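This report refers to the structure that appears directly beneath it.
Laboratory data are not the source of any read-out in this text; all were calculated from the coordinates shown. Everything quoted here is computed from the prediction, not taken from an experiment. All Cβ positions, even for glycine, are placed from backbone atoms using ideal geometry, and neighbour counts span all protein chains on display.
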Amino acid sequence: MMIDPLSVFLLLLSAATPILFAALGELVAERAGVLNLGVEGMMITGALAGFAAAHGTGNPFLGFLVAAVAGAAISLLFSALTQLFLANQVASGLALTLFGLGLTAMFGKPFEGVKAPAMPTGPLRINWIVWLGLIMVPLIWWFLNRSRAGLILRGVGENHDAAHALGYDVRLTRVTAVAFGGAMAGVGGAYVSIASVLQWTEGMTAGAGWIALAIVVFSNWTAPGVLAGAWLFGGVTVLQLRLQAAGVQVPVQLLSMAPYLATIIVLVLISARQKFSRRAGGAAPGSLGQNFHALR
Amino acid sequence: MTKGTNLTKAAVFRATGIGKSYPGVRANDDVSFAVAEGEIHALLGENGAGKSTLVKMIYGLVRPDQGQMWLGDAPHHPADPRAARAAGVAMVFQHFSLFDALTVAENIALGMENPPPRRELATRITQVSHDFGLPLNPSRRIVTLSAGERQRVEIIRCLLQNPRLLIMDEPTSVLTPQEAELLFATLRKLAARGTAILYISHKLDEIRSHCDRATILRHGRVVDSCDPRAHTARELAAMMVGSEMRLIDRTGRRAGDMVLRVENLSRSAPTAEGTALKGVNLTLRAGEILGIGGVAGNGQEELLAALSGEARSIPGSVTLEGRDLSALGPEPRREAGLLAAPEDRLGHAAVPDFSLTENTLLTAGARKGLVRRGLIDHAGARRYAESVISAFDVRIPGPGTAARALSGGNLQKFVIGREVMQAPRVLVVNQPTWGVDAGAAAAVRQSLLDLARKGAGVIVISQDLDELLELSDRFCALNEGRLSDPVPTEGLTLDRIGLMLGGAHGMEEARL
Amino acid sequence: MIQLVPRQATSTAWQVATPVLAVLATMVAGGLLFAAMGHEPVAAIRTIFWDPLFGPAASYSRPQLLVKAAPLILIASGLAIGFRAGIWNIGAEGQYIIGGITGGAVALAAYPADGPWIFPAMVLAGMAGGWAWGMIPALLRNWFGASEILVSLMLVYVAQRVAAWMAFGPMRNPEGFGMPGSRNLQQYPAAANPELISGTGAHWGVVAAAVAVLATWFLMSRHIRGFHIRAAGTAPRAARFAGVNPATLVAFCLGLSGALAGAAGLFEVAGPAGQITDTLGTGYGFTAIIVAFLGRLHPVGILLAGLLLALTYIGGELAQLTMQLPAASVQVFQGMLLFFLLGFDLLTRFQIRRRVLA
């Protein structure tokens, strides 16, 4: 069996892209102190909305734009619950995922069996959305570590009481960060339907949103770490597909477990490192998952 | 007693008729006072007197319901802290408003409206911190700093903005006496440049020796304004509390046999922010009160956890009346007679959402027979809660009230009462009167003395040196997880204690 | 201006009222959604919430209520205990699948033997399978600090693939003409989980659900372990101070909820589903999360919430048949219900006050 390294790498880039987008978005939300377990719901929403728009207009890029808007819009439900109504973030994120899966299953029926418009490829035979994802990595790194707004966002995520005491709007910062996370998850989801599978099927993101959440942990809450995690995941997926195609004597169902098992293994390794290392503070934002309420 | 404000210098800040209410609480009522240029002005009052609410209004965190404020000649009604900073108000918080995972420079940038570029900011931090004798490395992360160094970050953050009014909320509560002296030297320098300083504290001695004026608050109102240097600590305390302080009865105790022996107790830090315990040795006799002093974060919580059983230790390190408890958890230690009351009342010593009845089950299940073979005796728990409430004068509607609804003083009386009424052989308490009003503090202290009089051994861990001098027979200092040898409290001076506690936090470096 | 003021104690009246409010709000919002899709809203709501119980075909659909409610209640009872302690097992779906497989495996291995021991052995094996699947995230959290949320969820996807592998591979019915799926256990009397009282839909799973409700009520309100679980959920440090070992608690909660979910899976495989297929997981494990929250993590509430959500399943199927409503509308309904519930929950913890500015 001949495997051309370059073509494998290109496949890997493509397989990693949905997760990369979703995880980068969730990274920003988590750095602002919000744990949004609704990534899967936002991705599937983006997958359907983007596919519908791309199919309707014949323009895939318009599809990605609509997916971003849809992802951000549905994330506002989560923000309303957690930032306005101070609901538990874990439960609210789950609700968003269940709701997104149901909503898309309901509205997606007419789009089943329809083909997506062709994606034009960019430089090096890589499509433009893959390029966009790669460019987002340094951009988000720069935003978080070098910009004033990124500093405020990290401050809000690290210690919301202190950020509030210094006069920063914790709620606005968080709603914005979650909406950005939603837009990114939407684009990631749309990549699955428009550029990867090329059609719409119910529940097609198949846990990619949850894997993205695990990759944020793996990344130690840094943008380059997210890229590494997404590539690792992409590599496992491509390898698994290659083994399937090569007709290895292992049942297909067992091979297709590989991405999920790999995620668990990676999560365990990285959690163990964070747990047993003596580095002060740890990497998770200090206020992650906690709600903020101030009496005025 | 002189009333009114100092008219020789221009008032930098004035407030008239400030009022603020929260549901069920009148936090501030008709508060008027003024701070002059170059003046260190004390805001003095008990816990809950309304000091914090008042300064939060000046800093734009809370909006007043009534009243006027002026900064210089301009009305001062900041919509948020950024507006207040833009107007020239800076504030150092009691619980620091710092971001642990960020660097010193990033923390300072977050406290400024228009921070200069990164490199320039780093240079200016180094410059200003050098000028004031408060050395700081701008690229260090906050988690790696001591409490004293963290406060420097807050102060430098304020100084870089050249504030007209600097507010300091209980700044010395986390400092050793020597570190506090250093802080006052800095404040003097600032005042000499014309900055007005509003200094919040309930520590009478430091206010008497360092402040030019004092405004005294009680129950949200201004009860007096005076020159603190012209009054004794007792007179100031009387103004603050409204009556003479209650005296405590220390008589009638006799040291008996040894009840608790701690030998070579070591434990690595439980978290990255925690402190390791390093070879702690102590002995405690029946009827004795051992005081353990130290600045916050030097291993107090870890020591309490190692004694309560929340943390285990090597065999033979904790022995109660000859029985080795080091491998046992909290429940069997309680059954053996070793009880504890942690510092954090809400969330550690008590479950905030649970009623007082349910909160008795947290520690009194076995000794009071409230839990038998796993089954809860709810009626018995209620009776025990009622008996604690009446014996310790906990002022609440009834045992069904949730712990979080209690004031600090009432909850502390309940927590201490819950342990004391189980007749322990040894009781370990951490910060028994922290954030508690004077009446409740006196009651808690008296109950510890009474417990010792009945023959129990008591360990009091506290940052309040006056409290330790008042209660304990022997005193030792906890410093970076090491416990000093005990010295008899009789004849011990604050200076001597300061030396026992000191040496920590790079004091030498800071004096340069 | 409206201001939220924290209550000093959570309001019991609102605790009871919010689920009711949430259900009503979901009906209104769901009605609006159906109207927007061109369906008659009142008729749709009536079809979903009323007709299964009292409509023309009620004699068929009423027994279905217990059939659908039993697994929901069984799973939610276990989940609620973990949620109370702040331990988030969201992989009940996977534990349900694995329980179905391990329990079913006992029957397939015993086939065609007969004996009174077979069915109890299957139940035990199903519980053991669910327990073991739940213990994986528990141990990984205790040993390495890995998030039980993500691990338990990942294991759902793994379990689905195990089920597919079993249905196509080792457990495929040798007499099934190559069709995927195991032997039908309903046709194997020693292993079947039949309707116990004709016309009620009640099988052994219903009995187990009733026992689970009673047992969890006893645990949470009368036993010190339940007290410790509740303490650990709202104040972990206080629970440690009381003597709770957090690792033991994690293992207890995940193990218990896994065992209950596994039992639910077995009752389904031996009863209504009849066989192990690749579509063994039908979402009960996720819906049970909604049941647990809607029931306010209280056993009695879970009983009622389980019945209500079972009703939406049946009503949804009915609406699909009679009104051509999309099958997924039930999922949307359930998602909305959880949203409204979490939103209204504010009222139990805060008072809303109107503030007059000076």
Counting only C-alpha contacts under 8 Å and six or more residues apart, can you give the relative contact order of chain A as a whole percent? 35
Who wins for biggest fluctuation among C:F49, C:F241, C:F333 in a Gaussian network model of chain C, springs between alpha carbons below 10 Å? C:F241
Find how many whole Å separate the alpha carbon centroid of segment A:1-63 from the alpha carbon centroid of segment B:177-203. 56
Mean separation of Cα pairs under 8 Å and 6+ residues apart, divided by the residue count of chain B: what relative contact order is that in percent? 15
How far is it, in nm, from the label point at C:A13 to the one at B:D485 when both lie 7 Å from their Cα along the line to the Cβ? 6.7
With a ≥ b ≥ c the root eigenvalues of the C-alpha gyration tensor of segment C:117-215, is it rounded (a/c under 1.5), prolate (a/b larger than b/c) or oblate? oblate
How tilted is helix B:177-192 with respect to the longest principal axis of chain B? Cα atoms for both, answer in degrees (0 to 90, nearest 10). 10
Which of the listed residues, C:A125, C:N184, C:L196, is farthest toward the dipole's positive end in segment C:64-324, when Lys, Arg count +1 and Asp, Glu count -1 at the beta-carbon? C:A125
Assertion target for B:V92, C:V151, ordered by fewest C-beta neighbours within 10 angstrom first, is B:V92, C:V151
Members of B:K368/B:K413; B:K20/B:K51; B:K203/B:K278 lying beyond 20 Å, as alpha-carbon distances in this model show: B:K203/B:K278
Spin-label point model (7 Å from Cα, Cβ direction): what's the C:V20 to A:L134 distance in nm? 6.1
Within 10 Å of each Cβ in A:71-80, the average number of Cβ atoms from other chains: 1
Stretchable slack from A:D161 to A:V197, in nm (0.36 nm times residue separation minus alpha-carbon distance): 8.5 nm
Run the helix sum for chain A: -39,500 (n - 2.57) per DSSP H stretch of 4+ residues, divided by residue count, reported at 222 nm to the nearest 500 deg cm²/dmol. -22500 deg cm²/dmol
Which net charge results for the neighbourhood of B:Q161, defined as the other residues with beta-carbon distances under 14 angstrom from its beta-carbon, given Lys and Arg at +1 and Asp and Glu at -1? +4
Using modelled backbone amide H atoms (1.01 Å from N, in-plane), which distant-in-sequence or interchain residues come within less than 5 Å of B:N430's amide H? B:A341, B:E343, B:I461
What are the ³J(HN,Hα) values, in whole Hz, obtained from phi via the Karplus relation 6.51 cos²θ - 1.76 cosθ + 1.60 with θ = phi - 60°, for each residue of segment B:303-311 in sequence order, with x given for Gly and Pro? 5, 4, 5, 5, 8, 6, x, 4, 10
Per the charge dipole of chain A (beta-carbon charges, Lys/Arg positive, Asp/Glu negative, Cα centre), the residue among A:T237, A:L151, A:S193 reaching farthest to the positive end is A:L151
For the protein assembly as shown, just run the numbers: alpha carbon Rg, then divide by 2.2 N^0.38 Å, N being how many residues it has. 1.01
Around B:D324, what is the net charge, scoring Lys/Arg as +1 and Asp/Glu as -1 over all other residues with Cβ under 13 Å from its Cβ? +2
R0 = 41 Å: FRET efficiency of B:R312 with A:A246, Cβ-based, nearest 0.05? 0.15
Using θ = phi - 60° and Karplus 6.51 cos²θ - 1.76 cosθ + 1.60, couplings along segment C:214-229 (whole Hz; Gly, Pro as x): 5, 5, 6, 4, 4, 4, 6, 10, 10, 9, 5, 5, x, 4, 5, 4
For C:F177, B:F354, C:F218, A:F99, order by how many other beta-carbon atoms lie within 10 Å, fewest first: C:F177, C:F218, B:F354, A:F99
Just want the answer: with Cβ charges of +1 for Lys and Arg and -1 for Asp and Glu, which residue in B:F414, B:T493, B:I459 is farthest toward the dipole's positive end in segment B:391-504? B:F414
Between beta-carbons, use under 13 Å as the cut-off and find the net charge around B:R345, counting Lys and Arg +1, Asp and Glu -1. +1
Does segment B:306-398 classify as rounded, prolate or oblate by the C-alpha gyration tensor (a ≥ b ≥ c root eigenvalues; a/c under 1.5 gives rounded; else a/b over b/c gives prolate, otherwise oblate)? prolate
Once label points are set 7 Å from the Cα along Cα→Cβ at both B:A230 and B:A379, what is their separation, rounded to one decimal in nm? 6.6
Sorted by chain and then number, the residues having a modelled amide H within less than 5 Å of the amide H of B:M91, at least 5 places away or on another chain, are B:I167
For a footprinting-style exposure proxy, rank B:T493, A:T45 by other Cβ within 10 Å, fewest first. B:T493, A:T45
Electrostatic dipole magnitude of chain B [Cβ: Lys, Arg +1; Asp, Glu -1; Cα centre; debye, to 20]: 520
Can you give me the long-range amide H partners of B:V259? Hydrogens built in the peptide plane at 1.01 Å from N, cutoff under 5 Å, separation of 5 or more residues or another chain. B:L284, B:R285, B:A286
Degrees separating the helix B:378-391 axis from the principal Cα axis of chain B, which is the longest one: 60
Applying the Karplus parametrisation 6.51 cos²θ - 1.76 cosθ + 1.60 with θ = phi - 60° to the phi angles of segment A:90-104, what ³J(HN,Hα) value in whole Hz is obtained for each residue in order, glycine and proline being reported as x? 4, 5, 5, x, 4, 4, 4, 5, 4, 5, x, 5, x, 4, 6
Computed magnitude of the charge dipole of segment A:5-209 (debye, nearest 20; Cβ of K, R +1, Cβ of D, E -1): 360
Residue mean of other protein chain beta carbons inside 10 Å, B:10-22: 0
Across B:109-116, the residue-averaged tally of Cβ atoms belonging to other chains within 10 Å stands at 3
Can you give the Rg/Rh ratio of segment A:5-209, where Rg is from the C-alpha atoms and Rh is the Kirkwood radius? 1.00
Calculated FRET efficiency for the pair C:E40/A:I265, C-beta based, R₀ 45 Å, to 0.05: 0.30
How long is segment B:25-64 along each principal axis, judged by its Cα atoms, biggest number first, in Å? 34, 23, 16
FRET E, pair C:V211, A:W142, Förster distance 41 Å, beta-carbon r, rounded to 0.05: 0.10
Estimated [θ] at 222 nm from DSSP helical runs (n ≥ 4, -39500 (n - 2.57)) normalised by residues in chain B, nearest 500: -9500 deg cm²/dmol
